[in-house]
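Asks: Input: one structure, supplied below.
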Amino acid sequence: MGSFSGSIQRPLIAAAAVAVASASADVSDKFQSFTSSGASSSSERIDPPVSNSLQELRSSWVSHISVSKLSNLSFVTRIRVPVPNISLGVPNSSNNFVPNTLSSSVASSSVLVNLYQSAELAKASKPTYITGAIPASTPDVLYRWHLPEPNAIDVSGTSDCLAMKSRTVVVLLGWLGAKQKHLKRYAEWYTSRGFHVITFTFPLAEILSYQVDGKAEQNIALLVNHLADWLEDEGKNLVFHTFSNTGWLIYGAILEKFQKQDPSIMGRIRGCIVDSAPVAAPDPQVWASGFSAAFLKKNSVATKKVVNTNELVVDELVGSKAVGQPKPAVTETALLLVLEKFFEVVLHLPAVNRRLSDVLGLLSAGQPKCPQLYIYSSADRVIPAESVESFIEEQRKAGREVRACNFVSTPHVDHFRNDPKLYTTQLSQFLDDYVVTCCKQT
């Protein structure tokens with residue numbers, strides 16, 4: 001037992017040391033900048049951490065939702081929660097406050113306050129709604145609901161098109177280390193076209209402390225229950241848009257819970273978009289690359305785009321990971337080696353391996369019969385293009401409707417930012433052809 005514990009602890013300690021070393025120069029620069037700015041102005045001060053924590057508790061995504069908007073979401077009014085029997089003023093349409101006794105309906109503003117970290121409802125003269133815009137001061141949350149924009153784009157010119165979109169929720173499942181702000185541009189794109197959007201992210205700490213049937217799985221169950229409530233009304237559908245292997249594995253866990261809870265929900269999934277995934281096997285090298293990129297962020301070589309020079313042509317890039325790509329720093333190379341050794345142990349733990357095998361098996365052979373779109377790149381340093389293409393072929397052989405687009409030179413989960421025109425064109429064509437077919441222009 002002692003030797004097994006040591007085999008886990010040693011690579012973790014080594015990984016921590018390498019990560020600290022790789023970031024030491026950046027920390028030193030920031031410290032020098034801080035000391036110089038402190039000397040030049042005595043009026044500036046640093047708020048204590050406790051103050052920051054209290055400030056975060058005062059706001060939530062619910063501050064973007066109006067009571068009138070939520071009352072239109074019929075599934076929300078059916079969610080029952082225990083609340084204290086108190087009276088609180090509720091704003092009416094004339095911006096006056098009228099007394100109202102709290103019920104157990106989520107549609108009331110005071111219940112929303114209790115449910116979502118004591119958030120304050122937005123006070124605005126104009127109708128309010130959730131958009132993709134996420135204030136920098138808003139604390140990160142597990143998942144966020146974005147309502148369609150009132151002036152959503154309707155290329156078909158018919159009300160039926162927008163009505164169909166308004167009955168569709170696009171679920172964005174973030175990559176390892178992603179935060180709500182990172183999914184902002186994706187949510188904005190969908191809501192501007194009339195879709196509901198849910199952005200779901202996992203804190204990196206929850207992944208690092210993962211336990212089978214632990215908190216991470218409970219959070220997925222919470223999202224599944226929320227989606228099931230939404231789907232209680234006929235004519236409502238889902239589209240999933242996953243990022244990296246983390247988002248793809250979360251998608252698999254959601255499908256697993258759908259099958260156990262209500263298999264008919266699988267038929268309500270109209271499409272699945274997979275960005276920068278998958279690797280359908282517990283590969284230590286892939287997991288090491290993913291965690292290294294999450295730890296080092298912009299300092300990681302995985303975030304660097306392949307530079308096209310006069311000597312390089314597109315044909316050389318396709319199918320080759322080495323051509324034209326920057327090399328990792330010494331510290332990142334060391335971190336990758338340590339993490340790879342670590343995951344060679346962790347991924348073979350019986351409980352972890354069994355859980356991954358269940359989810360990967362479902363994603364490989366038990367996905368819903370909806371169309372799939374795969375967006376990937378030959379320059380991806382985390383997810384090998386060959387793995388994505390191999391999985392695509394397996395899905396096509398199984399009779400699935402599959403589309404794919406290789407962005408060739410863009411980094412991991414960074415295709416939208418590097419080539420927004422191609423990315424949005426792929427999304428639009430996929431949605432028009434398979435999800436909202438009545439919106440397609442003739």
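The values are calculated or read from the model by the stated rules, or taken from the named source; none is laboratory data. Please read all numbers here as calculations on a predicted model, not as lab measurements. Heads up, the Cβs are rebuilt from the backbone with ideal geometry, glycines too, and the neighbour counts pull from every protein chain shown. For accessibility, only protein heavy atoms count, side chains too; no ligands or nucleic acids. Shrake-Rupley method; radii C 1.70, N 1.55, O 1.52, S 1.80 Å.
Asks: The conditions are (1) out of contact with any strand residue (DSSP E or B) (no Cβ under 6 Å at 6 or more places or on another chain); (2) open to solvent by 20 Å² or more (accessible area, probe 1.4 Å), and Arg270 fails exactly one of them. Which is it?
Replies: Evaluating Arg270 over (1) out of contact with any strand residue (DSSP E or B) (no Cβ under 6 Å at 6 or more places or on another chain); (2) open to solvent by 20 Å² or more (accessible area, probe 1.4 Å) leaves (1) as the failure.
Asks: Turning to a different aspect of this structure: Might you let me know whether segment 348-360 holds any residue that is more than 30 Å from Ser192 (Cα to Cα), open to solvent by 10 Å² or more (accessible area, probe 1.4 Å), assigned to a loop (DSSP other than H, G, I, E, B) and of a type in the set (A, V, I, L, M)?
Replies: Yes, the conditions are met somewhere in segment 348-360.
Asks: If Lys304 meets every condition in (1) open to solvent by less than 10 Å² (accessible area, probe 1.4 Å); (2) modelled with pLDDT under 95 apart from one, which number is that one?
Replies: (1)
Let's see how each residue does on (1) at pLDDT 95 or above; (2) aromatic (Phe, Trp, Tyr); (3) in contact with a helix residue (DSSP H, G or I) (Cβ under 6 Å, 6 or more places away or on another chain):
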| position | (1), (2), (3) |
| --- | --- |
| Val359 | yes, no, yes |
| Tyr374 | yes, yes, yes |
| Phe391 | yes, yes, no |
| Lys421 | yes, no, no |
| Gln426 | yes, no, no |
| Tyr434 | no, yes, no |
| Cys439 | no, no, yes |
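Asks: Could you check how many residues of segment 377-392 are outside any helix (DSSP H, G or I) and open to solvent by 20 Å² or more (accessible area, probe 1.4 Å)? Give the steps one after another, and end with the answer.
Replies: Let us first name the residues in segment 377-392 that are outside any helix (DSSP H, G or I), namely 377-384.
From what's left, open to solvent by 20 Å² or more (accessible area, probe 1.4 Å): 381, 384.
Of the residues in that region, 2 qualify.
Asks: For segment 141-227, give me every one of the helices (runs of 4 or more DSSP H) that falls completely inside it and has 1 or more residues that are farther than 30 Å from Phe343 by Cα.
Replies: 159-166, 184-191
Asks: Could you check segment 308-343 and list, in sequence order, the residues that are part of a helix (DSSP H, G or I) and modelled with pLDDT under 55?
Replies: Across segment 308-343, the qualifying residues are Val314, Asp315, Glu316, Leu317.
Asks: Only residues that are closer than 17 Å to Thr331 by Cα and either of a type outside the set (S, T, N, Q) or modelled with pLDDT under 90 (or both): list them for segment 282-299, please.
Replies: Answer for segment 282-299, where residues must be closer than 17 Å to Thr331 by Cα and either of a type outside the set (S, T, N, Q) or modelled with pLDDT under 90 (or both): Ala288, Gly290, Phe291, Ala293, Ala294, Phe295, Leu296, Lys297, Lys298, Asn299.
Asks: Next up: Restricting attention to segment 389-420, report how many residues are without any contact (Cβ under 8 Å) to a residue 60 or more places away in the chain and hydrophobic (A, V, I, L, M, F, W, C).
Replies: Counting residues in segment 389-420 that are without any contact (Cβ under 8 Å) to a residue 60 or more places away in the chain and hydrophobic (A, V, I, L, M, F, W, C) gives 6.
Asks: I've got another one for you. Which ones in segment 201-227 are open to solvent by 20 Å² or more (accessible area, probe 1.4 Å), modelled with pLDDT of 85 or more and touching a Leu at 6+ places or on another chain (Cβ under 7 Å)?
Replies: Once the filter is applied, which keeps residues that are open to solvent by 20 Å² or more (accessible area, probe 1.4 Å), modelled with pLDDT of 85 or more and touching a Leu at 6+ places or on another chain (Cβ under 7 Å), segment 201-227 yields only Asn219.
Asks: Is there any pair with a first residue in segment 421-435 that is within 12 Å of Trp189 (Cβ to Cβ) and a second that is open to solvent by less than 10 Å² (accessible area, probe 1.4 Å) whose Cβ atoms are under 6 Å apart and which are 6 or more apart or on different chains, and what are they?
Replies: Tyr423/His415
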